[in-house]
């Protein structure tokens, strides 16, 4: 797969020269692939929020380069806002940034800043709203009358409407109930599959990561700790736990079963994976099963 | 970044000034304001400047913090300096071009006024905000002004509102930063364009900030009710305010200082404001 | 706790509790419908439900932030819906039932940790020396003694939330309601808060109601109550509740992955006991099944 965005030897230090000095990124190099959903994990303070703000130029690295399509985004600092249209960043709890009279106008804020024509803006607003599952009838309502989950989706639509090449979401499902999580993450995946854009999701939930991401980057102490497919990453469960991260519960179960002498095949990090591995093992061992007919 | 604003923030500590009774500190602040405005002679300004350096030293607040606290009023300082330089008439003409005349007296006045602003801001913030926790301050104000309760002034409520406002300053500053970043991510531009367009550019920040402040206020009110808050009546305090020897000493020193400044004004030779 | 034998140890009791939000004169939206529950003193109850299910409304009714439309609520045997309740009685109810909310920033009132913890006892008119003792003790309980003189806005989310809990403990409540208190925290902060909650329940005997939508938190409780559309939808031990996977899904909730795995194996005809919750139990059940055939 092609690299769409690349960080090269990035260093970023907060409050340098003060007693609060803290290196948030320490010589970080990483490549993000196009056409993939990449998950970014790491505990609080590992540097992942700083990294995310590097990608669209909200923060400027103290050393190193950010390359978008192989071009340094800081080549012309005056043009940095055009980078923000190409790398769309949905911040944490984005519903708190809604401000306009109607949902439609709020979604249109980004495209308007891009100086697009009115027809183009209208088309994009509608398209973005449908991606996040916001009904057309809601476009004329005040964003402040919506439910929490709906507000979140409107805020995401506001970024999608800019048609970014890279969509970055910082904890898109934070604070939502299971149904809301599924809805949001499902929509994001569908958006990725439909548009082929690169998507980066920052999350604490390993279960969600395993379910929705193609590739995972793990950060620890201002550095990249590991990068690879879900299978590769979650196979290193013990290392992840050692740096204060979790693995999906199901990966623990698979590991414990193997330790107990179970010969499970394949990489297991989702319930589906565990299910099929267990069923084939049960069949091999001839474990009886009740069929629906004689139950 | 906005986060760097330190004006109105408390730095816990154990210095002599930290330990003074908040009422004393309020009184000292009032004294300090009077002293700053009564300074006329160039020598009293020197004494004033020396005093503020000493106060900062005793408070153990870092100079860096103090400087960061002054930064937000930099424009006001520059503006008053320019006004003083150009509008003061004197005898010693230094520069003359068309209608612009700059006198030596103008420059001295500008510098003295600058000292006055710096001393005023630093002095009051060291006494009031940096070394006094908002709750102590509220306590101090409430006790100091409690006689006003008798004429129906809701002293406790006003003091509580003030202390909550101070508590939420850092929170709201962080929030402003976050919202600004979020809108920048949507291509908002706050730094170019005409004045009108810059003001318009603030709407996407101010509205979410207002909505969020309102939501916070509502949640805070419920949380306070849940912690049995019912106004000032029947309320006790963990920290009881008592005047100590230290407090009388500090007030005594300030009285001497005021007297000294007045004497210097009268008897010292040289330039006077 | 009480030595009067005829007082039952039911701490919270509701009878046909109903509540509707006033929707600007429009049609009233019922948030709680006919809810009758009894909660024993000293128990650890998880209240589950999706966003908008009415679970937070229930919490606000219990400590009189909201007043019910109809029905009765008894706290410690006292009818708090009684119109004779004085303001003092109401504040006594709020002292007995402390609340910790979702956003830690919006419940801290002071700029120094110890002064914040003192806020509740100060409101109750506790004498200064006693407040000092309580503040020290409360900070000790939540493990925040070292931060007594710190400014709360510099703490992590989990630490802030523990300060908020200390502020409640200092009022000496019998019961604490956690209203999605972990929803905004990272995994480390969540763990800190959950450990604190568990300790308060076990060691201090405080009745705990943890309102949440995290299933792994519900597993820690003695009892799980599921609220759906304002009604008591399920009520039982975690094992009883989590064995009904389909019913939980209907209410917009999920089960732990271990439970889901065994549930799906069951559906394929492999018989596992329902309601297995923890990683260890799940592993043990599968290994037992395999060894039986060998």
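The values are calculated or read from the model by the stated rules, or taken from the named source; none is laboratory data. Note that this is a predicted model, so its numbers are computed, not measured. Glycine gets a Cβ as well: all are built from the backbone with ideal geometry, and neighbour counts include every protein chain shown.
Run down C:287, C:253, C:248 and say which single residue is within 8 Å of another protein chain (Cβ to nearest Cβ), at negative phi and part of a helix (DSSP H, G or I).
Working: C:253 fails: part of a helix (DSSP H, G or I); C:248 fails: within 8 Å of another protein chain (Cβ to nearest Cβ).
Being within 8 Å of another protein chain (Cβ to nearest Cβ), at negative phi and part of a helix (DSSP H, G or I) holds for just one of C:287, C:253, C:248, which is C:287.
Only one of these is touching a helix residue (DSSP H, G or I) at 6+ places or on another chain (Cβ under 6 Å), modelled with pLDDT of 90 or more and crowded, with 22+ Cβ neighbours inside 10 Å: C:276, C:227. Name it. Don't jump to the end; show me each part of the working.
On the way: C:276 fails: modelled with pLDDT of 90 or more.
Just a single option satisfies the conditions, and that option is C:227.
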Query raised in the report: Out of all the residues in region C:139-161, which are assigned to a helix (DSSP H, G or I) and within 12 Å of chain B (Cβ to nearest Cβ)?
Result: C:147, C:152, C:153, C:154, C:160
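Which members of region A:82-105 meet the condition of being facing chain B (nearest Cβ under 9 Å), part of a helix (DSSP H, G or I) and buried (at least 19 other Cβ atoms within 10 Å of the Cβ)? Steps first, answer last, please.
So in region A:82-105, the residues facing chain B (nearest Cβ under 9 Å) come out as A:82, A:84-85, A:87-94, A:96-100.
Of the ones still in play, those that are also part of a helix (DSSP H, G or I) are A:82, A:84-85, A:94, A:96-97.
Across region A:82-105, the qualifying residues are A:84, A:85, A:94, A:96, A:97.
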**Report entry** Test for residue C:117: is it modelled with pLDDT of 95 or more, part of a helix (DSSP H, G or I) and out of contact with any helix residue (DSSP H, G or I) (no Cβ under 6 Å at 6 or more places or on another chain)
**Finding:** no
Requested in this report: Sort through B:92, B:139 and tell me the only one that's surrounded by 21 or more Cβ atoms within 10 Å (Cβ to Cβ) and either in contact with a helix residue (DSSP H, G or I) (Cβ under 7 Å, 6 or more places away or on another chain) or in the same structural domain as residue B:235 (by TED's automatic domain parsing) (or both).
Outcome: B:139
Query raised in the report: Just checking, which of B:166, B:158 is assigned to a helix (DSSP H, G or I), surrounded by fewer than 17 Cβ atoms within 10 Å (Cβ to Cβ) and not assigned by TED's automatic domain parsing to the domain that holds residue B:15?
Result: B:158
Query raised in the report: Does at least one position in region B:183-190 carry a residue that is out of contact with any strand residue (DSSP E or B) (no Cβ under 6 Å at 6 or more places or on another chain), part of a helix (DSSP H, G or I) and either within 14 Å of chain A (Cβ to nearest Cβ) or surrounded by 13 or more Cβ atoms within 10 Å (Cβ to Cβ) (or both)?
Result: yes
Query raised in the report: Can you name every residue in region C:31-56 that is within 23 Å of residue C:239 (Cβ to Cβ), in contact with a helix residue (DSSP H, G or I) (Cβ under 6 Å, 6 or more places away or on another chain) and buried (at least 23 other Cβ atoms within 10 Å of the Cβ)?
Result: C:46, C:47, C:48, C:49
Query raised in the report: For region C:47-74, how many residues meet the condition of being away from every other protein chain (no Cβ under 14 Å) and part of a strand (DSSP E or B)?
Result: 5
Requested in this report: Go through region B:194-249 residue by residue and tally those that are more than 8 Å from every other protein chain (Cβ to nearest Cβ) and part of a loop (DSSP other than H, G, I, E, B).
Outcome: 9
Report summary line: Given the conditions (1) surrounded by fewer than 14 Cβ atoms within 10 Å (Cβ to Cβ); (2) more than 25 Å from the chain's Cα centre (by Cα); (3) assigned by TED's automatic domain parsing to the domain that holds residue B:20, every one holds for residue B:271 apart from (1)
